[in-house]
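Undergrad: The structure that follows is given in the form of C-alpha cells.
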Amino acid sequence: MPDSVKIVGGGLAGCEAALYLASHGIKVTLYDIKPGAFTPCHHSGNYAELVCSNSLKSNDVYGNACGLLKEEMRLLGSAVIAAADRTSVPAGNALAVDREAFSSQITLAVKSSPLITCVEEEISAIPPEGFVVIATGPLTTPSLAGEIEKITGVCPYFFDAAAPIVSGESIDMDTAFVADRYGEAGKGDYINCPLNKEEYQNFIKELLGAKRAELHEFENDKVFDGCMPVEVMAARGEDTLRFGPMKPAGLTDPRTGRWPYACVQLRKENTAGLAYNIVGFQTNLTFGEQKRVFSLIPALKNAEYYRYGVMHRNMYLNSPGLLSADFSLKSDPRVYFAGQITGVEGYVESAASGLIAAIAITERIKGKPPVSFGTSTVIGALSEYVATQNANFQPMNSNYGILAPLDVNIRDKAVKKRKLAERSLNIIKEIKERL
Ligand SMILES: Cc1cc2nc3c(=O)[nH]c(=O)nc-3n(C[C@H](O)[C@H](O)[C@H](O)COP(=O)(O)OP(=O)(O)OC[C@H]3O[C@@H](n4cnc5c(N)ncnc54)[C@H](O)[C@@H]3O)c2cc1C
C-alpha cells in the first residue's frame, strides 16, 4: 500500500476522489489553498463549493443524460451525489441543493475521515512521487497552471459566468407568482417574474446598453454555450431571451390565467426560501448595472443582492492525447487529473471524473485489472470523449450524443432514452459487483 494518495484541490472532483479512496481503506492527503486563500470565484472556507447555480441539473434518470449520470454515480458510491440528495431543496425535476448544507456535509465527511489528512497549502508543482490527483479546477492558481503547461503545452480556456442570488424577502410577490413549468398555476417550486411586451423590450434595450465589467483577454467567441451571459445572448436578437432563460411557455400566471410575454424564474437556494438564484441569468455586467437593469423586471424592482453575477476565465487541458480514459497522464500514469480541468464541464461531470480517477487508483493499488466503463454509460462516454483524439476539443457535459447508439433503431424519443438508461445501469451494476 503506498503512503497516501495526494489530491490537490478540494472541489467537487477532489472531494469525490478523496472520499471514495478513503471508503476503500486508502490514505489520502488533500491539499487546498482554502480557507486561508481563495481563487477569484471561491468564497467559502468549505470544500466542494458550488461557485454559481445551486442546481446539479436534472434528476430524471430515464429522460435526461445528467439524471442518468447521477444514478450511475449513486450506484458507484458517489459521496457528492449522496450529499446532494441529502441537502436537496425543491426544484421540480432538478436536483438543486442548499449550497451551504451541501458543502458543509462534504467538508465534515472529509475532515472527520481518519484516512484523510487535510493540508492548507498552495501546490505549485506536480508532486514528484506516488499517486497524485490534480483537481484544481478551472481557476487553478497561476503558479501550478504554469507548471502544468510545461508538461501539457499551453492550455486552452473559455469564459464562464455565474448568476446573481437575491434575497427571498425582497421579491415583489404582488407581481410574481409561484408555478413550475406546465405545473398547476399557483403551485410549485419556482417563483416566476412576468414581463409584458413593453417591459420586456425596455429590459432588452437597457441590457444591451449596460456597462460590462472589464475582463482581461475577454473574447465573445470563447464564452461557454451552456453558461452564456444574458447580455451576450440578448445581443443575438430581440427574442433570444424569450426562447431562453425568459421563456414563458408553460408558466400560467394565476392573475391572468395566461402565459406572460416573457418570464424570469427564481429557484430556491435553501428550503426556507431565504435566497433565490435568478435562473439562467449569468452575467458580466458591473454590479451597479446588474442592480439597475434587473430592477426593470417588475418583481425584482427592489431586489437585494446577496451575490452578484461574475465572469471568469476557465482553463482546461487539451486532454486528447494527454490523458487516458481513466484520467491518468499518458506520459506519467501515476498522475491523474480530475474535474473541470480535464475538459468535462459541470458540477456533476467534474465529480464523476474524480470518481473514475479514484476507482482507477483503487483498482491499481489492489492489484486488480483496470475498469472500463465503455461508451454505453454516461460516465464512461465522458471519459472516452476526453481521451479521444479531437482536433476541435471543447469542454463537454453529459448528453445523449456522446453515448454509443442502441443496437436497434427506436423512433420514440422517450422509449429510446429509457432503453439507453436501462442499458447503462445494467453495465454499471455489473461493474460495481467487480469493484
Ligand atoms: C464563474 C463560474 C461559473 C460556473 N457555473 C457553473 C454552474 O452554474 N453549473 C455547473 O455545473 N458548473 C459551473 N461552473 C463550472 C464549475 O467550476 C465546475 O463545474 C466545478 O466546480 C469544477 O469542479 P472541480 O472540482 O474541477 O473544481 P473546483 O470546484 O473549482 O475546485 C478546485 C479547488 O482547487 C483549489 N485550488 C486551486 N488551485 C490550487 C492550488 N494550486 N493548490 C491547492 N488548491 C488549489 C481551489 O481552492 C478549489 O477548492 C462554473 C465555473 C465558473 C468558474
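Read-outs: derived from the displayed coordinates by stated rules, not from any lab. Computed from a prediction, not measured in an experiment: that's the story for all the values here. So basically every Cβ, Gly included, is an ideal-geometry build from the backbone, and we count neighbours across all protein chains shown.
Undergrad: Could you list Asp180, Asp332 so that the one with the fewest beta carbons within 10 Å of its beta carbon is first and the one with the most is last?
TA: Working: Asp180 18, Asp332 12.
Least crowded to most crowded, the residues run Asp332, Asp180.
Undergrad: Further question on the same structure: Compute the signed sum of charges (Lys and Arg +1, Asp and Glu -1) over the other residues within less than 15 Å, Cβ to Cβ, of Val132. Intermediate results must be reported in sequence, preceding the final value.
TA: Details: positive: Lys6, Lys27, Lys330, Arg334, Arg364; negative: Asp3, Asp32, Glu121, Glu129, Glu147, Asp326, Asp332.
Residues close to Val132 contribute a combined charge of -2.
Undergrad: Additional query: Counting only pairs 8 or more places apart or on different chains, how many lysine pairs in the stretch 165-313 have C-alpha atoms closer than 15 Å? Mind showing how you got there, number by number?
TA: Numbers: Lys187/Lys268; Lys197/Lys205; Lys197/Lys247; Lys211/Lys291; Lys291/Lys301.
Summing the qualifying lysine pairs gives 5.
Undergrad: When only Cα pairs under 8 Å and 6 or more residues apart are kept, what is the percent relative contact order across the chain? List each step's numbers first, then the result.
TA: Numbers: 918 pairs, mean separation 92.1, N = 435.
Computed over the chain, the figure is 21 percent.
Undergrad: Subtracting the Cα-Cα distance from 0.36 nm times the residue separation, let me have the gained length for Ala82 to Arg255 in nm, one decimal.
TA: 58.3 nm
Undergrad: May I pose another question? With charges only on Cβ, +1 for K and R and -1 for D and E, what is the dipole size of the chain about its Cα centre, in debye, rounded to 20? Could you put the intermediate results ahead of the total?
TA: Working: 44 positive and 49 negative charges, 186 e Å.
Magnitude of the dipole: close to 900 debye.
Undergrad: Test of understanding: ordering Tyr190, Tyr31, Tyr347 by Cβ neighbours within 10 Å, fewest first, what list do you get? Show your work: numbers first, answer last.
TA: Details: Tyr190 24, Tyr31 21, Tyr347 28.
Fewest-to-most ranking of Tyr190, Tyr31, Tyr347: Tyr31, Tyr190, Tyr347.
Undergrad: Under 5 Å between amide hydrogens, which residues at least 5 positions from Lys301 or on another chain qualify, with H placed 1.01 Å from N in the peptide plane?
TA: Here Asp172 satisfy the definition.
Undergrad: So for the chain, what are the equivalent ellipsoid semi-axes in whole Å, largest first, each being the square root of 5 times an eigenvalue of the Cα gyration tensor? All intermediate terms of the calculation are to be shown ahead of the outcome.
TA: Working: eigenvalues 273, 119, 85 Å².
Ellipsoid semi-axes (Å, largest first): 37, 24, 21.
Undergrad: Moving to a separate point now. Sticking to Cα atoms, compute the Rg of the stretch 56-165 to one decimal and its Dmax as the biggest Cα-Cα distance, whole number, in Å.
TA: Gyration radius and largest Cα-Cα distance of the stretch 56-165: 17.4, 47 Å.
Undergrad: Where does each of Thr256, Thr29, Thr117 land when they are ranked from fewest to most other beta-carbon atoms within 10 angstrom?
TA: Numbers: Thr256 12, Thr29 19, Thr117 15.
Going from least to most buried by this count: Thr256, Thr117, Thr29.
Undergrad: At a Cα cut-off below 12 Å, give the aspartates and glutamates reachable from Lys27, other chains included and same-chain residues fewer than 8 away excluded.
TA: Here the aspartates and glutamates satisfying the reach criterion relative to Lys27 are Asp3.
Undergrad: For the stretch 112-128, just list the computed ³J(HN,Hα) in residue order, Karplus coefficients 6.51, -1.76 and 1.60, θ = phi - 60°, integers in Hz, with x standing in for Gly and Pro.
TA: 8, 6, x, 9, 10, 9, 9, 10, 8, 7, 7, 8, 10, 8, 5, x, x
Undergrad: Mean residue ellipticity at 222 nm from the helices of the chain, using -39,500 (n - 2.57) per DSSP H segment of n ≥ 4 over the full residue count, to the nearest 500 deg cm²/dmol?
TA: Numbers: 11 runs with 134 residues, N = 435.
One gets -9500 deg cm²/dmol as the mean residue ellipticity at 222 nm.
Undergrad: Another one. Considering the options Thr252, Ile361, Pro35, tell which one lies farthest towards the positive end of the dipole of the chain, charges being +1 on Lys and Arg and -1 on Asp and Glu at the Cβ, about the Cα centre.
TA: Thr252
Undergrad: Step by step: find N for the stretch 165-313, compute 2.2 N^0.38 Å, then divide the Cα radius of gyration by it. What's the final number? Could the numbers behind the result be given before it?
TA: Details: Rg = 14.9 Å, N = 149, 2.2 N^0.38 = 14.7 Å.
Cα Rg divided by the expected 2.2 N^0.38 Å: 1.01.
Undergrad: Moving to a separate point now. What does the highest-first list of 337-345, 99-107, 380-388 look like by mean Cβ count within 10 Å? It would help to have the intermediate numbers written out before the result.
TA: Values: 337-345: 28.8, 99-107: 21.2, 380-388: 23.4.
Going by the mean number of other Cβ atoms within 10 Å, highest first, we get 337-345, 380-388, 99-107.
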